[in-house]
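Following: one structure in structure tokens, then a few remarks.
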Amino acid sequence: MSYPGLIAETVKYKMRNGDDGEAYYARPTAPGKVPGVVLIHHMPGWDEWIMEATRKLAHHGFATVSPHLYFREGPGNPDDVGARVRAAGGVADDQVVGDAKASAAWLRARPESNGKVGVIGYCSGGRHAFLIACKAPEFDALVDCWGGNVVVDDPKALNAKRPVAPIDLADGIKCPILGLFGNDDENPNKDQVNRTEAVLKKLGKNYTFHRYDGAGHAFFNTTRTAFRAEQAADGWAKVFAFFHKQLG
């Protein structure tokens, strides 16, 4: 299922605490109601590849919005803003969850919305997407793409911005989960993925994990040498099928 016609643009709406934020929004132009997806960007920030991924989801039938999680850090080139945020230790978990909830509400209020919204994230965004599903039961589906630090091995990695490991909140997840991971990744590594899966299984969650040989971190990302065409194509197909099944 594909929609060659789409609209992509930068939009503005109220995010956490009523802050005026911005996001990249892409939707198919075909008539009728479509499901929504909130796309959580990776640690490098709101960059070209994240916008490419947003349009890709729209092409496959999902009204997709990617909130700029770093907009509060001032104007400037997204690469420069991302560098400042990384140097400051990232953004606070509660702030990301609040922005995601506001984004889901914005999507549901759109005239093209069918009322269902999923969340997907990559890298640190995969961790954030997992956390969002733990804390925001209004999401109807979760896709975690190689989210690092869902399991925390070093307690020193926890701080005021990230006070708890997402895996410790996993019982709060109410929606189906799809996880995609590269077996050559170091964050999360295979043991951490195994431990995440063990917790979800123990809690009786509805989850499916897929692991790819010959793939490391960010294997979907066409702008990096880590890109793996065969594994990415299979992974994207699984994302589209999962969201269509869960969101309509």
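Some notes on this structure:
- Amide N of segment 226-248 lying under 17 Å from the label point, which is placed 7 angstrom from the Cα of residue 213 along Cα→Cβ: 228-232, 234-235
- Carbon and sulfur %, accessible surface of segment 14-60 computed with the full protein complex present, 1.4 Å: 46 percent
- Compared with the alpha-carbon gap, the fully stretched path from residue 224 to residue 92 is longer by 44.8 nm at 0.36 nm per residue.
- What the Kirkwood sum gives for segment 154-206 is a hydrodynamic radius of 12.5 Å, with every pair of different alpha carbons counted.
- Distance between the pseudo-spin-label points of residue 236 and residue 48 (7 Å out from Cα toward the beta carbon): 1.6 nm.
- Cα-Cα over 32 Å, subset of 33/161; 156/190; 14/161; 33/202; 12/190; 33/101: 33/161; 33/202; 12/190
- Between residue 168 and residue 29, the modelled label-to-label distance comes to 5.0 nm, taking each label 7 Å out from Cα in the direction of the beta carbon.
- Accessible surface for segment 1-82, divided over its residues, is 42 Å² per residue with a 1.4 Å probe.
- The label-point distance for residue 203 and residue 245, in a model that sets each label 7 Å from Cα toward Cβ, rounds to 2.0 nm.
- Among complete DSSP H helices in the chain, those whose alpha-carbon atoms stretch at least 24 Å along the helix's long axis and whose mean Kyte-Doolittle hydropathy reaches -0.5 are 229-247.
- Toward the positive end of the charge dipole of the chain, with +1 on the Cβ of Lys and Arg and -1 on the Cβ of Asp and Glu, the farthest Cα among 239, 82, 216 is that of 239.
- Taking all Cα pairs closer than 8 Å and separated by 6 or more residues, the relative contact order of the chain comes to 16 percent.
- Anisotropy class assigned to the chain is rounded, per the alpha carbon gyration tensor with a/c under the 1.5 cut-off.
- Heavy-atom accessible area ranking, 1.4 Å probe, most first, across 190, 202, 116, 238: 202, 190, 116, 238
- Taken about its Cα centre, segment 97-248 carries a charge dipole of roughly 440 debye when the Cβ of each Lys and Arg holds +1 and the Cβ of each Asp and Glu holds -1.
- Put 112, 73 in order of accessible area, highest first, and with a 1.4 Å probe you get 73, 112.
- Taking amide H positions as modeled 1.01 Å from N, with prolines and chain starts lacking one, the residues under 5 Å from residue 182 and 5 or more places away or on another chain are 212.
- Volume per residue of the convex hull around the Cα atoms, evaluated for segment 68-190, comes out as 127 Å³.
- Net charge over other residues, Cβ less than 14 angstrom from the Cβ of residue 112 (K, R count +1; D, E count -1): +4
- Of the solvent-accessible surface of segment 118-248, computed with a 1.4 Å probe and all protein chains present, 51% belongs to carbon and sulfur.
The values are calculated or read from the model by the stated rules, or taken from the named source; none is laboratory data. Note that this is a predicted model, so its numbers are computed, not measured. Cβ: placed from backbone, ideal geometry, glycine included. Neighbour counts: every protein chain shown. These area figures cover heavy atoms from the full protein model, side chains too; ligands, DNA and RNA do not enter into them. Shrake-Rupley method; radii C 1.70, N 1.55, O 1.52, S 1.80 Å.
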